Amino acid sequence: MSSVTSSPLAFATAALALALIGCAQRPVEVAPEGAASATETAVGPVPGSGKPLPVRSNPYADNPTAANEGYQFFSWYNCSGCHGVHGGGGMGPSLRDPVWIYGGSPDHIFASISEGRSNGMPSWGTKIPEQQIWKIVTYIGTMNTPTEIDPPTMPLAKQQEHEASANPPASPPQP
């Protein structure tokens, strides 16, 4: 009879021991104390990372050949799909405006193309060679200038209307 009564007691003792051992274990995926959070560690280019960027100068600045190649790359890489054929905007912002959200200097434009921006601009730095990005930057820099490669044109009716409003007659017409 002692074996029958000791069996439940042995079972209860073993269950209690296993429960205590299980409670003392730490979860497997706990980071060591002082380790950086996984959300703080960036891998690859991060759009709009907020880190100060080194100021870089455009190696193709004021180079008409590079601007022409940049115009071709602008088309080939479908920049016009978001920014419009002449950079006037569409799904993406206008590249013809004097004020830019992330800065309109050549190094800021390069960073926007290379690293992307958080509100829709993809990061192209791993897909387009650096020299081609600089040529696109050179082309963008010609927009709204006399050296623009393919400036937008106004339809003839609008152009005549614009010219008429800009040059009103010197005196009213006589009846």
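The values are calculated or read from the model by the stated rules, or taken from the named source; none is laboratory data. All of these numbers come straight from a predicted model, not from anything done at the bench. Don't worry about glycine lacking a Cβ; one is built from the backbone with ideal geometry, like all the others, and counts go over all protein chains shown.
So that you can scan it fast, the table gives a plain yes or no per residue for (1) modelled with pLDDT of 90 or more; (2) under 21 Å from THR126 (Cβ atoms); (3) under 19 Å from the mean Cα position of the chain (by Cα):
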{"site": "ALA38", "(1), (2), (3)": "no, no, no"}
{"site": "GLY48", "(1), (2), (3)": "no, yes, yes"}
{"site": "LYS51", "(1), (2), (3)": "no, yes, yes"}
{"site": "ALA67", "(1), (2), (3)": "yes, no, no"}
{"site": "PHE73", "(1), (2), (3)": "yes, yes, yes"}
{"site": "GLY81", "(1), (2), (3)": "yes, yes, yes"}
Which one is surrounded by the most Cβ atoms within 10 Å (Cβ to Cβ) among residues in region 78-107 that are in contact (Cβ under 8 Å) with a residue 40 or more places away in the chain and not in a loop (DSSP other than H, G, I, E, B)? PRO106
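Would you call ILE149 among the aliphatic types (A, V, I, L, M), under 20 Å from TYR77 (Cβ atoms) and either modelled with pLDDT of 90 or more or assigned to a helix (DSSP H, G or I) (or both)?
Values: among the aliphatic types (A, V, I, L, M): yes; under 20 Å from TYR77 (Cβ atoms): yes; either modelled with pLDDT of 90 or more or assigned to a helix (DSSP H, G or I) (or both): no.
Spelling it out, it is not the case that ILE149 is among the aliphatic types (A, V, I, L, M), under 20 Å from TYR77 (Cβ atoms) and either modelled with pLDDT of 90 or more or assigned to a helix (DSSP H, G or I) (or both).
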Condition test on ILE113, is it under 17 Å from the mean Cα position of the chain (by Cα) and modelled with pLDDT of 95 or more? yes
Which residue pairs have Cβ atoms under 7 Å apart, sit 6 or more places apart or on different chains, and have a first residue in region 118-143 that is of a type in the set (Gly, Ala, Ser) and a second that is surrounded by fewer than 17 Cβ atoms within 10 Å (Cβ to Cβ)? SER118/PRO47; SER118/GLY48; SER123/PRO45; SER123/PRO47; GLY125/PRO45
Condition test on GLY22, is it at pLDDT below 95 and part of a loop (DSSP other than H, G, I, E, B)? no
Inside region 108-146, can you point out the residues that are in a helix (DSSP H, G or I), among the small types (Gly, Ala, Ser) and more than 16 Å from GLY89 (Cα to Cα)? ALA111, SER114
